[in-house]
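Before any comments, here is the structure.
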Amino acid sequence: QVQLVESGGGLVQAGGSLRLSCAASGSIFRINAMGWYRQAPGKQRELVAVITSGGSTNYADSVKGRFTISRDNAKNTVYLQMNSLKPEDTAVYYCNADIRPRIVSTSYNYWGQGTQVTVSS
């Protein structure tokens with residue numbers, strides 16, 4: 001069984017910073033791309049940032065220059081450093097990963113349970 005567990009959300013004032021973490025655990029053969037999505041109330045879930053197994057990154061235009069995604073392959077963990085936070089960044093943030101478990105020959109898409117980020121003005 002593969003699981004993604006997020007941590008690091010919370011309440012912060014505008015202009016502040018938060019760091020989200022997401023650790024993958026279980027019977028893992030390989031982790032491909034890892035990423036962060038977010039969903040604000042009444043809105044669709046949207047991609048925030050993604051990082052490949054080789055370290056290539058891609059960001060939503062709304063967070064470029066403020067957020068940084070990184071990963072520690074030895075720890076099966078992806079991070080999202082969020083700086084200069086704005087009230088419009090308020091959302092539930094979800095970790096996502098494309099993982100091949102040990103017992104199968106294909107990869108599956110996994111989601112974390114979500115962590116709330118609230119930015120006050």
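The values are calculated or read from the model by the stated rules, or taken from the named source; none is laboratory data. On a predicted model such as this, the values are computed, not experimentally measured, just so you know. For neighbour counting, all protein chains shown are included, and Cβ atoms are generated from backbone atoms with ideal geometry for every residue, glycine included. Each accessible area value is taken on the protein alone, full model and side chains, heavy atoms only, with ligands, DNA and RNA left out. Shrake-Rupley method; radii C 1.70, N 1.55, O 1.52, S 1.80 Å.
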Exercise. Which residue, 103, 51, 31, has the most motion in a Gaussian network model of the chain that connects Cα atoms within less than 10 Å?
Worked result: 103
For this session: Taking only Cα atoms and a 10 Å spring cutoff, compute GNM fluctuations for the chain and point out the largest among 106, 57, 77.
Result: 106
For this session: Compare 101, 87, 41 in a GNM of the chain, Cα atoms joined below 10 Å, and give the one with the largest fluctuation.
Result: 41
For this session: Write down the percent of antiparallel bridges among all DSSP beta bridges whose residues are both part of the chain, to the nearest 5.
Result: 90
Exercise. So which aspartates and glutamates pass the test for residue 64, namely a Cα distance under 20 Å, with those fewer than 8 places away in the same chain ruled out?
Worked result: 46, 88, 89
Exercise. How much net charge surrounds residue 20 when only other residues with a Cβ under 14 Å from its Cβ are counted (Lys, Arg +1; Asp, Glu -1)?
Worked result: +1
Exercise. Taking only protein heavy atoms and a 1.4 Å probe, what accessible area per residue, in Å², does the chain have with all protein chains in place?
Worked result: 53
For this session: Could you let me know the centre-to-centre spacing of the stretch 20-67 and the stretch 82-113, using Cα atoms, in angstrom?
Result: 5
